1. Starting from the Cα of Leu196, step 7 Å toward the Cβ, then list every residue of the stretch 268-303 with an amide N under 12 Å from that point.
2. If R0 is 25 Å, what FRET efficiency do you get for Phe178 and Tyr52 from their C-beta distance, rounded to 0.05?
3. Counting pairs of alpha carbon atoms under 8 Å apart in space and at least six apart in sequence, what relative contact order in percent does the chain give?
4. Within 10 Å, count the other beta carbons around each residue, average over each peptide in 47-57, 338-348, 318-328, 252-262, and list them highest first.
5. Please compute the length gained on full extension between Trp295 and Gln188, using 0.36 nm multiplied by the number of residues separating them and subtracting their Cα-Cα distance.
6. Alpha carbon centre of the stretch 191-227 versus the stretch 72-97: separation in Å?
7. Cα centroid distance between the stretch 141-163 and the stretch 234-254, in Å?
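The numbers here are math on the coordinates, done by the rules we state, and not lab data. Values in this document were obtained by computation on a predicted structure and should not be read as measured data. Note: ideal-geometry Cβ built from the backbone for every residue, glycine included; neighbour counts use all protein chains shown.
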Amino acid sequence: MSHAPASANATKRRRPAYAGCSAAFMGLASLLGVLCFHFPELLTSREFRQVYTEGFARNLLLVGLVAAFALGTFSLLRGRARRISLLGVGSATLAVLLGGITIQFESIRQTPFSLGLDWFLISLFFSALVFVPIERMLAARPQDVLRPEWRTDLGYFFLSHIGVQFILIAVTASTSLFLSWALYPPLQQAIQALPLWAQFLLAVFVADLFQASLHRAYHAVPWLWRFHAVHHSSTHMDWLAGSRIHLLEIVATRSAVLLPLLWLGFSTEAVNAYVILVGLQAVLAHANLGLRFGWLEYVLVLPRYHHWHHARDPAYAHKNFAIHLPLVDMLMGSFKLPPRAWPGEYGVHDPESVPRGIWRQHLSPFLGSRRTTAPPTQPS
Ligand SMILES: [Zn+2]
Ligand SMILES: [Zn+2]
């Protein structure tokens, strides 16, 4: 009889302290932001710097510092999560001591390589700002923000953002290698004559066709599955879970998708609009968002569609490969209408086949000792 209150107390004790955790997040992010102001040529990416202004970055840093001090102090006054709250206030204090929002820098020198720490911080801040509240309000299943293996997925988020320039270099190198031949100018001129909205829609369709075909190959070819199994090893779905992708898979997929877009000659604006859409839709498709979208679920890939692709259910293991348009799966014969319910379990068919942790997961496709098996094919 005494078990119920004891476990209730344990659950209560284990509840994360959101104010303290948010303070730590804001404090550490502010500290990293200050480092970006001190070493912009090394820590900020040339490509992403063109998207925002210096004033915007300073205001964002101010918001981070104020939030870290306010939330950390609030949490300390409540006597909760003392250490994590102190981490937030302490790192924000250090950020102020290192210059805060008043740091001045000369014009940024051109360096051959730089990290995308600015891209990581700004992207993480806005993704968390949008998705953490809506996932709490409209969750498909109740789940803590700091659910199991959140550190692993944050590590993937960090790696793919901070290394953005290296990923772009690898993608550009592989695409330009193929683009140097087989160009057919009349086709590219015809595509460029289309209005921008038509180019965008066509680009999304073409990109998804190539992406979904490669995705199907990842599931069908055992040695490719070793890489893709990493993405499927997430047992908890949310906006961060989609970040778990092997770096080689990111480069291969981005190259395979950009190559036809560049070859067909879509305008830079159409390709950029597609890149923004893929960033948003990839995050949205994994989000723990229990909304029903009605007929729109037949037109666009939305959370329930992709969640069933991640289900530990052999009936869906080789279905729904598209990331933009279910139409692409319908054309490829891999469409399977998801049920109204949400999957019971997520993850790979054989959980032991994918190790835990970002570094071991990156090495696992190359190690023969652990057999990574593709999910069993459902007899049709
Ligand atoms: Zn897959
Ligand atoms: Zn996914």
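1. Flagged as within label range: 268-274.
2. Details: r = 33 Å, r/R0 = 1.30.
FRET efficiency, Phe178 to Tyr52: 0.15.
3. Numbers: 527 pairs, mean separation 61.4, N = 380.
So the answer I get is 16 percent.
4. Details: 47-57: 13.1, 338-348: 15.3, 318-328: 22.0, 252-262: 19.5.
Those peptides, ordered most packed to least, come out 318-328, 252-262, 338-348, 47-57.
5. Working: separation 107, 0.36 × 107 = 38.52 nm, distance 3.42 nm.
Residue separation times 0.36 nm, minus the Cα-Cα distance, leaves 35.1 nm.
6. The stretch 191-227 and the stretch 72-97 have Cα centres separated by 46 Å.
7. 10 Å
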